[in-house]
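The values are calculated or read from the model by the stated rules, or taken from the named source; none is laboratory data. Bear in mind that the values here come from a model prediction, so they are computed numbers and not experimental data. Glycine also receives a Cβ, built like all others from the backbone with ideal geometry; neighbour counts cover every protein chain displayed. Quick note on the areas: whole protein, heavy atoms, side chains included, nothing else; ligands and nucleic acids left out. Shrake-Rupley method; radii C 1.70, N 1.55, O 1.52, S 1.80 Å.
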Amino acid sequence: MTVSTAADAASVPSGQSPGGHPQRWLILAVICLAQLTVLLDNTILNVAVPSLAREMDASTAEIQWMISAYSLVQSGLLLTAGNAADRYGRKKMLVAGLALFGIGSLFASLAQGAGQLIAARAGMGIGGALLMTTTLAVVVQIFDEAERTKAIGLWGAVSSLGFAAGPLIGGSLLEHFWWGSIFLINIPVALLGLIAVIWLVPESKDPVGDQPDLLGAVLSTIGMTGVVYAIIAGPDHGWTSVRVLLSAFVGVVVLTGFALWERHIPYPMLDMHFFRDRRFVGAVAGGILVAFGMGGSLFLLTQHLQFVLGYDALDAGLRTAPLALVIVALNLTGVGARLLPKLGTPLTIVSGMGLLAVGLALIAVLGADGYGGLLLGLVVMGAGIALAMPAMANAIMSAIPPEKAGVGAGVNGTLTEFGNGLGVAVLGAVLNSRFSSLLPAAAAGAGSLPAALAAARTPGDRAAVTDAFSSGLETSQLVGAAAVLAGGLLAALLLSRAERSSREAPAA
C-alpha cells in the first residue's frame, strides 16, 4: 500500500519532487534487469543456429523464423501494450510481462521441433512487448529533465548490451549444456525481476487513458508478418513466385489499412500526429536502421565465426564481447550524455551511425581472413551504438507528452524491433541469394551451409562452398552498412530541420 501511494505521486511528472522519485536509481537498475532479459533473447539464439540446424534438422528459413517470430510479435503488440500501460498502469504491465516471458521461456526450452520452438518464441514475444513498453516509460516518469538524459543513456547501455551479450551468454551455456538452457536461464531472472518490481517500482499511468486499439494490433502484426515472410521466403521460392508476391501484397495492403484506420479512430494505437514532429520522425528513421544493421549483422557474424572461421559456440560468443564492452564503457562513463549537449542531437546521431556503418564495412572487408579485422569492426560499431542509440531514444521521448510515455516507448520499441527483425530477414535473404548463386554444381540447391558442405564431394567443392558463404556474408554486411549510413544522414537532416524550425517559431 505504501508503494502504491508513492506511485500515485509519481504518476504525474509535474508533481514530482526535484530530482524525481527518491529511489529512482534503484528502480532504474530493476527495470534495466527486465529490459536486459528481453533484449538478450533477441540475440542469444544466434549462437545456437548450428545446434538447431543439426538437432532439429531446421532449414535456414525455419531458423530465421525462430529468430524473427519473437521480434515480429513484439513489433505487432508494442503499441497496444504501450496504450494498455498508460491506461491500466505501467507496473501492472511489467509484472504481467515478466510472468508471461518466464512461462514462454519454459515452453521454448521443452520444444521438440522447429514449429514448437517458433510458437514458443512468439509467445515470449507477448511478454517481451509488455516489458519493453514499460521500461523506458518508467524512466521518463521517475526522472526529471535534468537527469533524464543520463538515465536514458544508462538504459541505452543496458539495451545495447542485450544485443551484444546474447552470443557470449549463449555460447557459454551451449559449451556445457543442451540448447534449451538458453531459455531456462530466463526463468530465475524473471522471478527475481518480479520480486523487485512488486517491491520497488511505483505505479504510474495516464489518468485519462485511451481505449486499447485491438484491431490496430491485429492489422500491424499481420502486415509486418506478411512483408517479412516474403523477404525470408524469396530466396527459396523465387521472388516472383505466387507465395512470395501474395505475401508481400497482403502485407503492404494490410499495413496501408492499418495507417488509414489509425488516422480515423478517436483512440489510435499509433497517433499519426506524432509524425508531424520532425524530431520524432528523424529519431525513428535512425532507430529502425541502427536496429536493422545490428540485428542483421549479429545474425550473420555468429555464423561467420562458427561456419567460416571454425570457432565453437563459446569462442564465437567471447569474440563478440568487445562490442558489448565498448558500449557499456562509453555509456557508464557518460561519454554520450556529455557529448549530446555539446554536439547536438543531429550531429551526435549521424556521428554514431556513421561509426556503426564503418564498423560493418570493416567486418565485411577485413573479417574474411581472421579475427583481427572483425575485432576492429566490433570496436568501431560499439562506439557508434553508444553514441546513437541513447540520443535517438531521448529524441523520440522528448517529442511525446509525458503522460503518453507508454505510447512513446511503444512506438520506439515497435519500429526498433521491426528494424531488428527486418535486418535478420533482409540481410539473411541477401546472404542466401548470393550464397546460392555461387554454389558449385555438386551442392546446387542446398538450403544451408551444412547441407551444402555435406553435398560437396571433393575438397575443391567444399572450398568453393565456404568461399560462396564468405562472399554472401561480405555482400550482406556491406548492404547493412549502406542502410545504416543512409539512415544516419536522413535522421540528422530531419532533426536539424526540426531544431531550426523550433528556433524560428518564436520570431514568426
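Residue-wise test of (1) free of Cβ contacts under 8 Å to residues at least 40 places away in the same chain; (2) buried (at least 24 other Cβ atoms within 10 Å of the Cβ); (3) aliphatic (A, V, I, L, M).
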{"residue": "A53", "(1), (2), (3)": "no, no, yes"}
{"residue": "G76", "(1), (2), (3)": "no, yes, no"}
{"residue": "A84", "(1), (2), (3)": "no, yes, yes"}
{"residue": "F107", "(1), (2), (3)": "yes, no, no"}
{"residue": "I126", "(1), (2), (3)": "no, no, yes"}
{"residue": "L131", "(1), (2), (3)": "no, yes, yes"}
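Does the stretch 288-297 include one or more residues that are assigned to a helix (DSSP H, G or I) and either modelled with pLDDT of 85 or more or on the phi > 0 side of the Ramachandran plot (or both)? Walk me through it before giving the result.
From the stretch 288-297, those assigned to a helix (DSSP H, G or I) are 288-297; that's our starting set.
If we keep only those that are either modelled with pLDDT of 85 or more or on the phi > 0 side of the Ramachandran plot (or both) too, we end up with none.
Checking the stretch 288-297: not a single residue is assigned to a helix (DSSP H, G or I) and either modelled with pLDDT of 85 or more or on the phi > 0 side of the Ramachandran plot (or both).
Report, ordered by the first and then the second residue, all pairs with beta carbons closer than 7 Å, sequence separation of six or more or different chains, a first member in the stretch 224-236 that is within 14 Å of V253 (Cα to Cα), and a second member that is modelled with pLDDT of 75 or more and not in a helix (DSSP H, G or I).
Between residues of the stretch 224-236 that are within 14 Å of V253 (Cα to Cα) and residues that are modelled with pLDDT of 75 or more and not in a helix (DSSP H, G or I), there is no close pair.
Give the number of residues within the stretch 348-379 that are β-branched (V, I, T), open to solvent by less than 10 Å² (accessible area, probe 1.4 Å) and free of Cβ contacts under 8 Å to residues at least 60 places away in the same chain.
Matching residues across the stretch 348-379 total 1.
Could you please find all residues in the stretch 452-487 being open to solvent by 30 Å² or more (accessible area, probe 1.4 Å), free of Cβ contacts under 8 Å to residues at least 24 places away in the same chain and either of a type outside the set (K, R) or touching a Gly at 6+ places or on another chain (Cβ under 9 Å) (or both)?
Restricting attention to the stretch 452-487, the residues satisfying the condition of being open to solvent by 30 Å² or more (accessible area, probe 1.4 Å) are 453-455, 457-464, 466-467, 474-475, 478-479, 482, 485-486.
Cutting the leftovers down to free of Cβ contacts under 8 Å to residues at least 24 places away in the same chain gives us 453-455, 457-463.
L453, A454, A455, T458, P459, G460, D461, A463 - these are the residues of the stretch 452-487 that are open to solvent by 30 Å² or more (accessible area, probe 1.4 Å), free of Cβ contacts under 8 Å to residues at least 24 places away in the same chain and either of a type outside the set (K, R) or touching a Gly at 6+ places or on another chain (Cβ under 9 Å) (or both).
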